[in-house]
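Notes to accompany the following structure.
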Amino acid sequence: MYKKIDFKNNVLKMGEHYLVSDYKTRNSTRKKHNGMDIVGKNGDYDIVAIESGKVTYIGYEAGIGGYYVIITTNGIEHRYFHLAKGGIKVKKGDIVQKGEVIAKMGKTGNADIVSLHFAIYKNGYVDPLPYLTKDNPFNLDKGDYSFTDFVKEVQEKLEAKVDGIPGAETLNKTITISTTKNWNHSVVLSIQKYLKSLGYDLGKYGLDGKFGPDMKKVIMNYQKNIVGLKGNLVDGVITAKRYTWKSLLKLD
């Protein structure tokens, strides 16, 4: 009988987790183990993201991890292995939310049973248990900066009605932001904080409140992966009242 463990941060949709093998040890013949093998109750096959972040790798390792997904949050990778063939629900570059279904559990690679091998990589593999059991283990700004906080800041800085509820009035107040226009407007920092909370790497200057080349690249990735723009519309410009602002404010 596998040991039931209570996690604050789920990796299985139904929220019941049973430990098959722990970090560092696996069984009597294999003592090195860089993650935790987990199963759910009554065939809970839906795997969810432990934290919001960006899908940075999707692949297959024959004889090792099988099909896998790697999501990066605040520079820390959460890795999901032994996924079912054809069961991956996300693609590289996607921004996923905490609790979002990303794949189905499988028995691919070096797996004895249908299970999830869950690992945390932070300058090398580390014990994943604290990331499963502690509040805000990725130390994200979002712990103090929610979508509502973002909307309120945008409304305040654009002199719209401040109620935390995005709508037509807020959208009509939006401005065009680029590397040459409104590049240092106070609302840029709010956008940076929000994108960082979603798992985007802002580049070497980080939360500097300036719309430079790194920020332009971030917005271009956002436009391609989230807004779904193509061709010349992927321009790295947050144009007033248009697609990118609508997406940021969840009005699309």
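The values are calculated or read from the model by the stated rules, or taken from the named source; none is laboratory data. These figures come from a predicted structure and were not determined experimentally. Cβ sites come from the backbone with ideal geometry, for glycine too, and all protein chains shown count toward neighbours. Areas reflect the complete protein model, heavy atoms only, side chains present, ligands, DNA and RNA absent. Shrake-Rupley method; radii C 1.70, N 1.55, O 1.52, S 1.80 Å.
Observations, loosely collected:
- Only one of the numbered conditions (1) farther than 15 Å from Lys152 by Cα; (2) more than 24 Å from the chain's Cα centre (by Cα); (3) surrounded by 18 or more Cβ atoms within 10 Å (Cβ to Cβ) is violated by Thr170, and that is (1).
- Hits in the range 211-229 - residues which are part of a helix (DSSP H, G or I) and open to solvent by less than 20 Å² (accessible area, probe 1.4 Å): Met215, Val218, Ile219, Tyr222, Gln223
- Out of Thr176, Thr148, sole residue that is touching a residue at least 40 places away in the same chain (Cβ under 8 Å) and surrounded by fewer than 17 Cβ atoms within 10 Å (Cβ to Cβ): Thr176
- Test for Ile113: is it hydrophobic (A, V, I, L, M, F, W, C), open to solvent by 30 Å² or more (accessible area, probe 1.4 Å) and at pLDDT 95 or above: no
- Residue tally, condition surrounded by fewer than 16 Cβ atoms within 10 Å (Cβ to Cβ) and either in contact with a Leu (Cβ under 7 Å, 6 or more places away or on another chain) or of a type outside the set (A, V, I, L, M, F, W, C) (or both), over the range 183-210: 8
- Inside the range 126-143, residues that are closer than 29 Å to Gln192 by Cα, open to solvent by 40 Å² or more (accessible area, probe 1.4 Å) and touching a residue at least 12 places away in the same chain (Cβ under 8 Å) make up a count of 6.
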